[in-house]
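So the structure is just underneath, and the comments pick up after that.
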């Protein structure tokens, strides 16, 4: 169950504050709302989405060339275990402290997330909200979400019939996966995609499918349980009850408030454990092919059904039962120690102990242990689990073949379920599957939202104004430079440098500031304050921080833009001179559009000559550990280190995409800019020169 491939980005992203215009996709405002005083989850996610997209853009722009991990041959042959290669928003698994859901530990979630009236354990609805938005919901928001899921919980008649026709000896997980797959017939995403829905709208349909799926899972799971084990009927979900209560009630345990509390805890702590474990990664991988949430989760459930993933708690229970038969009521240290050594000496593992990542007791185990200490301290099986917890770490450490001798989540859950009467061990993975859906589907929604979102309005404004200022100022500066005697190459450099500087100071700082303005307004509105108008907010920033507040970081941008565009314009003009010599157009004849594009492509590609400067800067700011790395990272030392490590290729790493970008931008601004000026001449009858 340990994550095999993982990448925690929350710490890095937390340091980035990317401004954004508050934007809501009008196509997705149809989510059910049960309270006019609170936002629905869909509305809140739509409100947070633009800023999240800008954060990711900033992260990739600033750190896109950062080396995340090194891969060994053993890792490749070992099933990619431990390779950091996935982004997973919802949770981060730390070796020492265990899982954090959006930065919050399990005890913090138990304290902060809303609870049922009179209950002590968090409601899984609250964790779903937290995983999707990064925010702790209010009690009203969770009540609304509970009501929404209850309203969606009924399953289609054909799915009921499909489950009812399954032989009772077909494993519950096979039935569960089959029923979830069958729900594909109801997928709003699949229907919308077939009709050609725009990519920016993918997330809304994915959200609706995910909500429908999570809502229906308890009804499906309960029908399987009743068919296979009880022969009873499944009662409908109650609209005023929470998710875990309705599930417990459908299973037949709704009258036991302690079991309902246990199920709330169970569904919460089993939701997510980073994205590299089999069920989470499979759901993510299948979803990346734009399969619907129904097909994606069904694939994840098939992975969860494997004995190395979801059957661990069942194996623990079987092992404990065998031990109980052997040692009887003798729970002495000696009896437990002997049985542990007998297990190890027989070439078996002690189930429920050890973890590929964790190096301390799993906090999910601790949460269940604390529940048992309060609710069932005298239960013989709990006392056995407690004794094993006391003895096993010492024995496993002495045995010397495990990196983590401490218990994981599976060491306890089976005993708890047995105590309350849910004794059918081969059904436990279905419970796990219901919980895991609450953890993996938020990531699927986020994937569809952040990968396919288009530009927000201020990005369009920034792009258009940057191009206009660069084109106009560069043309004017180049004209005057040529008038004063500069050749085409020199005039191009002067024009590009001047245009790049003007572009930076005239547009970039202002556009960034305006996005900050919109974020400021949004935050005020979200906190219940009446937000002032856009220009009033802008002027407030100007009064407090002056022109520097509007143009933060613009000096560095200006240096980058002047070197980029000076090189691009100058080298493009130099390439044009070469083309004129080759084609015999040395006496003022116009170059064809193709020749202009070729010249600009050459200029744009060659403008990547200064890539080593960027590589050196990135390396100097890097915090990677390497014994060969100089302690003092000066420009000279860094250059020497890179060259000695990777040669000239190291200095030009990442140059290929940089060349591609340079070619594209230079063709647009130089070649097509010249063509645009020619078109204006024809349109107006005037020659385009300075002052025109």
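Structure summary
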read-out: Equivalent ellipsoid semi-axes - Cα gyration tensor, segment 239-370, angstrom; value: 32, 23, 13
read-out: Directionally averaged projected area (convex hull, Cα atoms, segment 313-419), nm²; value: 6.2 nm²
read-out: Segment 369-505: radius of gyration and largest Cα-Cα distance (Dmax), Å; value: 34.3, 97
read-out: Mean Cα-pair separation over length for segment 313-419, i.e. relative contact order, pairs under 8 Å, 6 or more apart, %; value: 43 percent
read-out: Among 487-494, 429-436, the order from most to least packed when residues are scored by Cβ within 10 Å on average; value: 429-436, 487-494
read-out: Pairs of alpha carbons in segment 168-289 whose separation is greater than 16 Å (percent); value: 70 percent
read-out: Over segment 177-237, relative contact order from alpha-carbon pairs under 8 Å, at least 6 apart, %; value: 28 percent
read-out: Normalised contact order of segment 178-311, rounded percent, pairs of Cα under 8 Å and 6 or more residues apart; value: 26 percent
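FYI, it's all coordinate maths here, none of it is from the lab. Not measured: the values here are computed from a predicted model. When we count neighbours, we look across all protein chains shown, and the Cβ atoms used for this are built from the backbone with ideal geometry, even at glycine.
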